[in-house]
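Below is one structure, written out as structure tokens; comments come after it.
Every number here is computed from the coordinates shown, using simple stated rules; none is lab data. Everything quoted here is computed from the prediction, not taken from an experiment. Quick reminder, even Gly has a Cβ in these numbers, built from the backbone with ideal geometry, and neighbours come from all protein chains shown.
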Amino acid sequence: MYVIDQERCVKCGLCLSWCPSEAIVGENPSRFRHSLVYEKVYIDPNKCIECGLCVSEERPCPFYAIYDDKVGLPVLEPADGTKYSKYIYKYNPEADNYYARFFGEEYYREDSNVKQMIAELPWKWITRIDGDIMPNCNFYVAHWVLPHDEPLMSVGHPPHIHRDPEIIMVIGGDPENPNELGAEIEMCFGPEMEKHIINETCLIYIPPYFVHCPWKPLRTWKPWIFVEINQGLRHTEKVYNQMLPKDVVEADPALDFFRDDGFEG
Ligand code: SF4
Ligand code: SF4
């Protein structure tokens with residue numbers, strides 16, 4: 001039999017809508033400021049079909065108040081000041097070197113120019129995380145872009161797709177004028193490579209398998225923040241250099257930076 005522990009339950013009513021047989025009953029709802037609060041929430045054993053949905057991972061009671069009495073009330077470890085520390089992630093570039101992970105052995109090879117290329121970038125890494133670092137967490141990256149007078153790279157980040165939807169946030173760093181980016185970036189969209197100039201704070205949505213880029217920061221006169229969110233547990237990227245002129249591709253060593261990541265074949 002499924003029951004609700006009345007001490008743990010905060011009577012929010014969230015579980016009422018989940019139950020397929022309307023077995024969860026909420027009595028006398030009211031508002032406590034803006035919070036919906038019932039006088040009592042309980043499970044009617046005559047209606048409960050014991051489907052288990054109200055104790056599933058998809059529909060959890062945030063307060064772990066619902067339980068199967070054959071299993072017992074979930075035991076909660078005491079919150080001793082460290083219980084939830086695992087959710088606060090501080091990026092440590094020594095322990096989690098993004099470039100070393102991305103380039104693999106090539107990063108460490110003595111004849112590789114990867115470290116040199118990275119050192120010359122006007123970027124300051126802020127943080128990154130993905131499902132390997134935090135279970136079930138999507139991929140996020142954030143870095144500053146510092147002033148530069150010349151375009152970064154002749155081609156830029158070449159055309160590519162991602163398996164999952166992507167959000168790119170382009171955030172101006174001036175709190176007095178947050179819409180001002182202080183930079184110009186050239187970006188192409190679609191198989192037609194429709195060209196746009198990004199010069200204000202904005203958010204760019206990239207649907208799954210939508211070909212986009214080159215992404216080419218032309219110049220930056222005020223530091224701004226770049227945030228990339230791949231809405232999957234891991235970053236994926238499939239590169240389409242064949243959309244660019246052959247001679248241009250062959251002449252740009254920076255294109256070594258960009259390679260298929262997370263796509264098979
Ligand atoms: S979701 Fe949990 S806390 Fe909210 S009413 Fe249901 S049992 Fe109570
Ligand atoms: S076990 Fe299924 S039927 Fe019973 S209260 Fe939970 S959701 Fe409703």
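Stretched out fully, how many nm does the piece from residue 205 to residue 33 gain, at 0.36 nm a residue minus the Cα gap? Write down the numbers at each step before the final one.
Details: separation 172, 0.36 × 172 = 61.92 nm, distance 3.60 nm.
Extra length from residue 205 to residue 33 when fully extended: 58.3 nm.
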Item checked: Contour minus Cα-Cα distance for residue 69 and residue 97 (0.36 nm per residue) -> 5.3 nm
Item checked: Net lengthening on full extension, residue 249/residue 49 (0.36 nm per residue, minus Cα-Cα) -> 65.7 nm
Check: Picking from 196, 133, 147, whose Cα lies most toward the positive end of the charge dipole for the chain (charges on Cβ: Lys, Arg +1; Asp, Glu -1)?
Finding: 133
Item checked: Whole-percent pair-distance distribution, where bins are 10 Å wide, for the alpha carbons of the range 1-117 -> 11, 30, 18, 12, 12, 11, 5, 0
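Compare the peptides 239-248, 221-230 by average per-residue count of other Cβ atoms within 10 angstrom and give them in order, highest first.
Working: 239-248: 13.0, 221-230: 17.5.
The peptides rank, most packed first, as 221-230, 239-248.
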Checklist line | Descending principal axes extents, the chain, alpha-carbon based, whole Å | finding: 75, 42, 40
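Pop out the Kirkwood hydrodynamic radius of the range 2-68 from its pairwise C-alpha distances, inverse of mean 1/r, in Å to one decimal. Numbers along the way, then the final one.
On the way: mean 1/r = 0.0835 Å⁻¹.
Over the range 2-68, the inverse of the mean reciprocal pair distance is 12.0 Å.
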Checklist line | Sorted by Cβ neighbour density within 10 Å, fewest at the top, the residues 80, 261, 130 | finding: 80, 261, 130
Next item on the list: Can you spot the lysines whose alpha carbon is less than 26 Å from residue 238's alpha carbon? Ignore those fewer than 8 places along the same chain.
Entry: 115, 124, 195, 216, 246
Item checked: Signed unit charges on C-beta, dipole axis of the chain, positive-most listed residue 114, 98, 181 -> 181
Next item on the list: Counting other beta carbons within 10 Å of each Cβ, put 33, 8, 128 in order, fewest first.
Entry: 33, 8, 128
